[in-house]
Amino acid sequence: MINKIKERIYDFFVNSYDFNGIPLRQISTEFKIKYKPSIDIIKSLVEEGAVSIQSSTNPHIIFFQHYPTEIQLKILEDAKKIKARKITTIGDIVIMSEGTEYPICLFPSQSYLYSKRDLSEFSKTEYTRQLALGEPQLKPIFFEIEVLERYINDPRFDFKFDDYSGGISCKYDDEGNNPIVREEDQIFLKTFGLGFDESGKRLAVVYLRYLKDLTWEHQVYWKSKEASGDCKMVKEYHDNTVNGSWTFSSSIFSAFIGESTCLNQLAIAGFGKPIFQKEFNDEKRPKEFTFFFTPTLKNYNEFILLLDKMISDNINKEFFNGEIELYEIQKIEEGLVERKPKGTLRLFEEWLTSKYSVQDQNLIKEVFEPFKNVRKERQNPAHKINENVYDEKYTDRQREVIKGCYDSVRLLRQIFQRHPKARNVEIPNWLDSGNIKEF
């Protein structure tokens, strides 16, 4: 009987779709054993090291860990007091709910799986293999950040992200019926997050259960990019995915977009015209505007180009029409001059200087300095052919650049907010009092 129960627990796990455990009470039902004696049998199998239990609000998968034997035995002993709450029959299926918030499911132990299970079918799918051997499904696996590059740069994949998390899927044709990639690239990665190694280097992190949804070709690729050492995920991602709690922090990238949007709304309220031509909220946010950034010269230059497009190229020249002179006269040679349009940053600075009075006009110059630096850096890749290089310094430079631009657009928003006609424009609380993260 004990061996048959051991085999039933093993077979249930092996044949289940999602590496599931069998409910505790199902053993007594199937084998026609009284409930309490069945628990004693399970306790003996736990002590033997053949069975492991999970007890939680969802014990059907191994979430975080296998618990010490003494804890498992205590939980099982306490379970003798639990009454079956309800039995429902749907066709041939019998559903039994337990009279507790923390029901129990039974799994073959990892040592038992290692000794018994045929793993030949998982020879190419390392992450599925780990689950088949009883690894916790929410075990975090860390990867070099460049693992994402393959999907960011391939237009056949949807690469979506929030401030500290994202997801990847293959795209479908216009009818939404057929993937536009070959079969081995038809992947869906429900979620990945942001992490760091002990030196502060950015990493990507994925829970084991989601890596199994990759095709074997992509599992091999991700395996080749695994990071080692003492790695940790950001607290926000852990709280959201593991604890199921809301996080109230926002990234500096989201804050920059939020401040730019509010600045535009304030400009319309105060002066009847938008200061920016475009806003970048929600689905309009560029996928490169993120912390998930491989620190290469090419990526850094592309980030600078993007940021300049979101600032200098995005300033609405019509905003200044009739307010200041839009052109300047430049002398070419004796008796010959040229009428040239002023740049958008110069127009904005001159307009603000003429409209907003401060004791130290250098303060306004300082506001525009980060924007001008971005414009200058943009000129470098525009006129040079540079060999691409990988260097962690580009992570720091990206962080410094976005921090400077964020501080400037925030100060501009605060200035526009003081306009009498803009007083009724509602500014989201998180922009003024929220926890803005630079990660």
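Values in this text are rule-based calculations from the coordinates and carry no lab data. Not measured: the values here are computed from a predicted model. Heads up, the Cβs are rebuilt from the backbone with ideal geometry, glycines too, and the neighbour counts pull from every protein chain shown.
P(r) of region 251-437 in 10 Å steps, Cα pairs, percent per bin?
Per 10 Å bin, starting at 0, the Cα pair percentages come out as 8, 33, 34, 18, 6, 1.
Go through TYR237, ASN20, ALA84 and say which Cα lies farthest out towards the positive end of the charge dipole of the chain; charges sit on Cβ, +1 for Lys and Arg, -1 for Asp and Glu.
ALA84
What are the semi-axes of the equivalent ellipsoid for region 328-439, taken as the square roots of 5 times the Cα gyration tensor eigenvalues, largest first, in whole Å? Before the final figure, lay out the partial values.
Values: eigenvalues 183, 152, 21 Å².
After diagonalising the Cα gyration tensor, the semi-axes are 30, 28, 10 Å.
Using the Cα atoms of region 82-221 to build a convex hull, what is its mean projected area in square nanometres?
13.8 nm²
Once label points are set 7 Å from the Cα along Cα→Cβ at both ASN3 and THR57, what is their separation, rounded to one decimal in nm?
4.2 nm
Calculate the tail of P(r) for region 299-346: the fraction of all Cα-Cα distances greater than 16 Å, expressed in %.
Percentage above 16 Å: 56.
For GLU302 and GLN379, FRET efficiency with R0 = 22 Å and r from the beta-carbon atoms, rounded to 0.05?
The pair GLN379/GLU302 has a calculated efficiency of 0.90.
As a test of the definition: which semi-axes, in Å, follow for region 2-116 when you take the square root of five times each eigenvalue of its alpha carbon gyration tensor? Largest first, please. Numbers along the way, then the final one.
On the way: eigenvalues 80, 53, 41 Å².
Equivalent-ellipsoid dimensions as semi-axes: 20, 16, 14 Å.
For helix 35-48, report the angle its Cα long axis makes with the longest principal axis of the Cα atoms of the chain; keep it between 0 and 90° and round to the nearest 10°.
Rounded to the nearest ten degrees, it is 70.
Work out, step by step, the length gained on full extension between THR69 and TYR35: first 0.36 nm times the residue separation, then minus their alpha carbon distance; give nm to one decimal. Mind showing how you got there, number by number?
Values: separation 34, 0.36 × 34 = 12.24 nm, distance 2.08 nm.
Additional length available on full extension: 10.2 nm.
Count the net charge of all other residues whose Cβ sits under 15 Å from the Cβ of TRP430, scoring Lys and Arg as +1 and Asp and Glu as -1.
On the way: positive: ARG410, ARG413, LYS437; negative: ASP162, ASP163, GLU236, GLU259, GLU426, ASP432.
Once positives and negatives cancel, what remains is -3.
In nanometres, what is the gap between the two model label sites at LEU411 and GLU184, each 7 Å from Cα along Cα-to-Cβ?
5.4 nm
Kindly put ASP40, ASP230 in sequence by how many other C-beta atoms sit within 10 Å of each C-beta, fewest to most.
The order, fewest Cβ neighbours first, is ASP230, ASP40.
As a test of the definition: which semi-axes, in Å, follow for the chain when you take the square root of five times each eigenvalue of its alpha carbon gyration tensor? Largest first, please.
Details: eigenvalues 696, 119, 66 Å².
Result for the chain: semi-axes of 59, 24, 18 Å.
Which of ASP78, ASP163 comes first, and how do the rest follow, when ranked by fewest Cβ neighbours within 10 Å?
Ranking ASP78, ASP163 by Cβ neighbours within 10 Å, fewest first, gives ASP78, ASP163.
Compute the distance in nm between two label points, each set 7 Å from the Cα along the Cα-to-Cβ direction, one at ASP432 and one at SER245.
2.7 nm
Kirkwood Rh, region 138-246, all Cα pairs: how many Å?
After inverting the mean inverse Cα-Cα distance, the result is 14.5 Å.
Of the peptides 109-117, 293-301, 253-261, 332-340, how do they stack up when ordered by the mean number of other Cβ atoms within 10 Å, highest first?
Result, highest mean first: 253-261, 293-301, 109-117, 332-340.
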